[in-house]
Amino acid sequence: MKAEPDPDKQIQAMDLFYEQVKRVHGRALWQTQGASKKSPTIPYLWKYKDFRPLLFKAAEIVPIELAERRVLVMANPGILTDWQASNTLLANLQIIKPGEVARSHRHAACALRVMVEGRGAYTAVDGEKSYMDPGDFVTTPNWTWHDHGNEGEETVIWLDGLDIPLVQGLETNFFEIYPDAKYPLSSPDDLSQRLYGSGSLRPTWIKHNALHSPLLNYKFAQTYAALKTIAEQTDGSPYDGVCVEYTNPLTGGPAMATIACFASLLCSGTRTKAHRHAGGTVYHVIQGTGRSVIGGKIFEWEEKDTFVVPSWTYHEHQAQAESVLFSFSDSPVLQRLGLYREEVLEEHGGYQKIEGTFKPLPVPERGVGVQQKT
Ligand code: GTQ
Ligand code: FE2
């Protein structure tokens, strides 16, 4: 007859065993399950009115030559290991004073800009200069040389979106500095707008086989007019309102291989229903005021604020005044890899149960005054 196993002894034996496995830098898989299940990205919102004075302070005390880019990162407090808005994306604010140039460089990460305030600044991408007005959406495809400059009278601020955390995760974050501050210009200013700005008329003599849109600047005036025309006829998606994607005019695909970008018009009083999808999304309020419910919490937003909806988190929007939300997400990556999925909330008539209101998290003492990465 076999004796009953002693549970205490069994646990002891297992603990000893796990130690032995660890000594050869191994892990028992059944012990690690669950450790990586939860995304560290938390829903979060950054107020422009908090960042704006700090940006101007940076412009005053940090010479542009000292910073590769004079940029403040909107850091998701759920992600302790780095400074980023979501697991894959950065959402930063960049400030350039009149007369300044941010020197030319290129990187494996893709970048985008949404102009927030000021006029007279340009970005030059692989030798083509594009002047940027508030609300414009501008692409900097990966591995293109780019420098920025402000030729106007006003200090200029814009939102940068980048896929640096994704590219870092893949350990392919290549980066090069151009020997001169500016990369030589090789095309007329705003050429891509002239060639591709109509959206549906394709110049037949140009071959363009890149993974990104050939159009560098999607002018806000054009986007807004299109949204208003559509909104005269339809409320659009029950989840996103009158939402359009900034596409590659040659393929209909995303603006860049790794980042899809959208503009959504929510007419005054619009309330969308909740859905969730794979892929983290950063929203930037181009204009308007309203609130979003993200993961059961109310996030109040106003013009120029930025917020993040983590992957697989329910979200719905409500506009108090007519609002235009810009958003960008890593969904093209997920779609390509067969990882994309989406789901509509069925309960409570399609709206989330409210469990609270967003409040900025207190900043731990050690986080103030010292530059520290964990
Ligand atoms: O403007 O080239 O916010 O390379 C972060 C990295 C902006 C830029 C950022 C960059 C840039
Ligand atoms: Fe850059």
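Each residue in the range 293-328 was checked for being within 19 Å of the chain's Cα centre (by Cα), surrounded by fewer than 24 Cβ atoms within 10 Å (Cβ to Cβ) and small (Gly, Ala, Ser), and 3 of them qualify. Does Ala124 meet the test of being surrounded by 23 or more Cβ atoms within 10 Å (Cβ to Cβ), of a type in the set (Gly, Ala, Ser) and over 19 Å from the mean Cα position of the chain (by Cα)? For Ala124, the condition - surrounded by 23 or more Cβ atoms within 10 Å (Cβ to Cβ), of a type in the set (Gly, Ala, Ser) and over 19 Å from the mean Cα position of the chain (by Cα) - is met. In the range 193-210, of all residues being assigned to a loop (DSSP other than H, G, I, E, B) and within 27 Å of the chain's Cα centre (by Cα), the one that is modelled with the lowest pLDDT corresponds to Gly199. Taken as a whole, the structure places Leu93 among residues that are within 30 Å of Phe358 (Cβ to Cβ), within 9 Å of ligand 1 (Cβ to nearest atom) and buried (at least 18 other Cβ atoms within 10 Å of the Cβ). Looking across the range 115-138, the residues that are under 17 Å from His284 (Cα atoms), assigned to a strand (DSSP E or B) and in contact with a helix residue (DSSP H, G or I) (Cβ under 9 Å, 6 or more places away or on another chain) come down to Met115, Val116, Glu117, Phe137. Note on the range 123-176: among residues that are of a type in the set (Ser, Thr, Tyr) and within 13 Å of ligand 1 (Cβ to nearest atom), the one that is farthest from Glu65 (Cα to Cα) is Thr139. Scanning the range 101-120 for residues that are more than 13 Å from ligand 2 (Cβ to nearest atom) and either aromatic (Phe, Trp, Tyr) or crowded, with 19+ Cβ neighbours inside 10 Å (or both) gives Val114, Met115, Val116, Gly118. For the range 200-208, does any single residue satisfy the condition of being more than 20 Å from Ala124 (Cα to Cα) and touching a residue at least 12 places away in the same chain (Cβ under 8 Å)? Yes: one or more hits.
Here is a yes/no grid of residues against (1) under 28 Å from Arg336 (Cα atoms); (2) in contact with a helix residue (DSSP H, G or I) (Cβ under 9 Å, 6 or more places away or on another chain); (3) among the small types (Gly, Ala, Ser); (4) touching a residue at least 40 places away in the same chain (Cβ under 8 Å):
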| site | (1), (2), (3), (4) |
| --- | --- |
| Gln222 | no, no, no, no |
| Leu250 | yes, yes, no, yes |
| Cys261 | yes, no, no, yes |
| Ala274 | yes, yes, yes, yes |
| Glu300 | no, no, no, yes |
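Checking each residue in the range 142-164 for being within 23 Å of Arg119 (Cβ to Cβ) and either within 11 Å of ligand 2 (Cβ to nearest atom) or part of a loop (DSSP other than H, G, I, E, B) (or both) picks out His146, Asp147, His148, Glu151, Gly152, Glu153, Glu154, Thr155, Asp160. Residue-level check: of (1) within 16 Å of ligand 1 (Cβ to nearest atom); (2) more than 26 Å from the chain's Cα centre (by Cα), Pro63 misses just (1). Taken over the range 67-82, the criterion of being within 16 Å of ligand 2 (Cβ to nearest atom) and not in a strand (DSSP E or B) is satisfied by Ala67, Glu68, Arg69, Arg70.
The values are calculated or read from the model by the stated rules, or taken from the named source; none is laboratory data. As the structure is a computational prediction, the values presented were derived from the model and not from experiment. A quick note on method: Cβ atoms are made from the backbone with ideal geometry, for glycine too, and the neighbour counts reach across all protein chains shown.
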